[in-house]
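What follows is a set of notes on a single structure, which appears directly below.
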Amino acid sequence: MLPNPEARAIAIEARDVTLYYRMSPVLNRVTLAIPEGAVVGLVGRNGAGKSTLLRCLVGLTAPHDDGRCSLLGSPSLDLPDTVRARLGYAAQTPDLYGWLDGHAHLQRLAALYPSYSELRALELAVSLDLPLGLRASRLSIGDQQKLSILLAMAHDPDLLILDEPVASLDPLARRQFMRALFERRDAGAAPRTVLVSSHLLTDLERVVSHIVFMREGRVQLADAWDAVAENLELLVLHRESDAETRAAGVLHRRQIGDEWRLVVDRRAVPPETPPGQRMNLDDLFAELNS
């Protein structure tokens, strides 16, 4: 569960989510609770289970065993229309109608969402440099991704769940997208809750309030990004000491020859533990996945 110091309502929740593929667990007892207003980066190597978890969260895949997911307090497998109207979702592979152009896609969206704003949609399309007059099948992969993002955001959702939304975008389009995450149609609207999976860690580091690492179908680390950046360190030991490498607060360890590389949480390790090196998100990802 992510830290929630202000006791905000939970917007996204997974409880003991397990999923098997050919008898092997893709997700293994994943439990996660994301408070309203959080901007959460979901990171991990290919095959870690990120896309599968997102599909479970939005109700496209049912967990096995007793696992369950909920969005805005409603079961993901039975979301009422009132919750669907507040949700925006973009899959890793754009799910578009190849024979329809961007305008026709937006017309379909307008019929489903009462909060849809044509002005907002057109402004976002312009900012993303997205040609709305072309059929989806004729768009480049990057423009298909832009259209998928536009469809997820045009109705100004309270909750956004995005799977690798910027993987095919150029740096300028990524910047415009990141800016759009925090823009609300109504100046008095509550901050949007965002869960975004991405391998572009430098972009994530600039905008997230929380970070979730996944590895081999499990949550490896979940915390506020400020706390992670302040307290997680890389400690390099040049001597053998099984006690130190297995001490409380050691999140990950690996040995290279006679050298031990430990990712430690300064809040939990013994006070006599020597100081380590601070890490950015790229560094932390590399260490936790080595």
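Values computed for the structure shown
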quantity	calculated
Acute angle (nearest 10 degrees) that the helix 102-112 long axis makes with the longest principal axis of the chain, alpha-carbon atoms	90 degrees
Stretch in the chain that is longest and holds no GluC sites (Glu not before Pro) that DSSP places in a loop and that have at most 15 other beta carbons within 10 Å	7-182
From phi via Karplus (6.51, -1.76, 1.60), per-residue ³J(HN,Hα) for segment 120-127 in Hz, x at Gly/Pro	4, 4, 5, 5, 5, 4, 5, 5
Summed side-chain charge close to MET279 - residues other than MET279 whose Cβ falls under 10 Å, Lys, Arg +1, Asp, Glu -1	-3
Structure-based [θ]222 nm, the chain - -39500 (n - 2.57) summed over DSSP H runs of at least 4, per residue, nearest 500	-7500 deg cm²/dmol
Karplus (6.51, -1.76, 1.60) ³J(HN,Hα), θ = phi - 60°, over segment 202-208, in Hz, Gly and Pro reported as x	4, 5, 4, 4, 6, 10, 7
Loop-located chymotrypsin sites (Phe, Trp or Tyr not before Pro) in segment 140-226 whose Cβ has at most 12 other Cβ within 10 Å (DSSP)	PHE182
Antiparallel bridges, percent of DSSP beta bridges restricted to the chain (to nearest 5)	70 percent
Hz values of 3J(HN,Hα) by residue in segment 151-166 - Karplus curve (6.51, -1.76, 1.60), Gly and Pro given as x	5, 6, 10, 5, 9, 6, x, 6, 9, 10, 10, 10, 10, 6, x, 10
Packing rank of 64-72, 159-167, 250-258, where each peptide gets the mean count of other beta carbons within 10 Å, highest leading	159-167, 64-72, 250-258
Placed amide H near LEU221: partners under 5 Å, 5+ positions off or other chain	PHE213
Between helix 171-180 and the chain: long-axis angle, C-alpha atoms, 0 to 90°, nearest 10	80 degrees
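Laboratory data are not the source of any read-out in this text; all were calculated from the coordinates shown. All of these numbers come straight from a predicted model, not from anything done at the bench. Backbone-built Cβ (ideal geometry, glycine too); neighbour counts: all protein chains shown.
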